Amino acid sequence: MTSTASESAVPPRAYEVVLKSVEADLRAGRLKMGDQLPGERSLAEMHGISRASVRDAIRILDAMGMVRTSTGSGPNSGAVVISNPAVGLSATLRLHVASRQLPVADIVESRVLLETWAAESADLGADPERSAKVLERTAELLKAMDAPGLDRDAFHDLDAKFHVLLSSLAGNAVIESMMESLRLSISDYVSESIEGEESWQEISSVLRTQHHGIHEAVAAGDGKEAARLLREHIEWFYSETQAK
């Protein structure tokens, strides 16, 4: 006997009802950034599910970067709607990289594609005031990265902010979030592959020089040169980490 589509369909998990409800409310404008979700009891009664299922949904939204949770009372307690897509994307990518289903080399190649596209698409004249602020901030990050005695973790943190900010000049929020998530997804794998402080000092010295060249090309509005330097920079660093 052949089963019908309705008989073979897998029923949705209870927490999925909450996820779909939040999505619908965001799309309709009933929820916006900074709003607080109803409490567990209210959501459970609203959707006819258990409070445990509601907690599952909140945890998933938190992991996806859609809400920030905190205890206590007041407007900032409970689950507050935010939007940090890079958090959820990078967490997912990191797990798949760890499972060996997404090769680090493919992540690096994807990053090259995104960053070079962003460099060539940057239009400093579209919003001169914002562009000036971004370039001022990236110049400050370069100065911080040049500081003597900077440890490796601090350097990588500044480096990530530098690249993400430069990519933001393309004016594409999806590309910006994807680029940040790609960097975060393999940051530990790359940094941990460099053995020894002496090797790191040699590599970081080259990275600093490359960063300044990229920044100068972007500030001059030379997208093609910036893209070329970015490709060279990313691929060189990856090749060095593989050789160590």
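The values are calculated or read from the model by the stated rules, or taken from the named source; none is laboratory data. Predicted model, so just to flag it, every value in this text is computed and none were measured. Here the Cβ is made from the backbone with ideal geometry for all residues, glycine too, and neighbour counts use every protein chain on show. The area values use the complete protein model at the heavy-atom level, side chains included, leaving out ligands, DNA and RNA. Shrake-Rupley method; radii C 1.70, N 1.55, O 1.52, S 1.80 Å.
Screening residue 39 against (1) open to solvent by 50 Å² or more (accessible area, probe 1.4 Å); (2) modelled with pLDDT under 90 leaves a single unmet condition, (1). Checking each residue in segment 182-201 for being modelled with pLDDT of 80 or more and open to solvent by less than 50 Å² (accessible area, probe 1.4 Å) picks out 199, 200.
The combined condition, being under 19 Å from residue 161 (Cα atoms), out of contact with any Gly (no Cβ under 6 Å at 6 or more places or on another chain) and either among the hydrophobic types (A, V, I, L, M, F, W, C) or free of Cβ contacts under 8 Å to residues at least 24 places away in the same chain (or both), is fulfilled by residue 114.
When you check residue 71 against the structure, is it within 17 Å of the chain's Cα centre (by Cα), surrounded by fewer than 16 Cβ atoms within 10 Å (Cβ to Cβ) and of a type in the set (Ser, Thr, Tyr), yes or no? Taking the combined requirement at face value, the residue does not satisfy it. Screening residue 107 against (1) surrounded by 15 or more Cβ atoms within 10 Å (Cβ to Cβ); (2) over 18 Å from the mean Cα position of the chain (by Cα); (3) over 19 Å from residue 173 (Cβ atoms) leaves a single unmet condition, (2). Annotation note: Cβ proximity below 6 Å between a residue of segment 134-159 that is free of Cβ contacts under 8 Å to residues at least 12 places away in the same chain and a residue that is of a type outside the set (Gly, Ala, Ser) and in a helix (DSSP H, G or I) (sequence gap 6+ or interchain) occurs for no pair. Does residue 147 satisfy the condition of being under 15 Å from residue 219 (Cβ atoms) and at pLDDT 85 or above? Judged against the criteria, residue 147 is not a match. In the set (1) of a type in the set (Lys, Arg); (2) surrounded by fewer than 16 Cβ atoms within 10 Å (Cβ to Cβ); (3) closer than 30 Å to residue 111 by Cβ, residue 94 fails one condition alone, (2). Remark: residue 60 falls outside the filter, which requires a residue to be over 30 Å from residue 231 (Cα atoms) and in a loop (DSSP other than H, G, I, E, B).
The conditions of being of a type in the set (A, V, I, L, M) and in a strand (DSSP E or B) are not met by residue 112.
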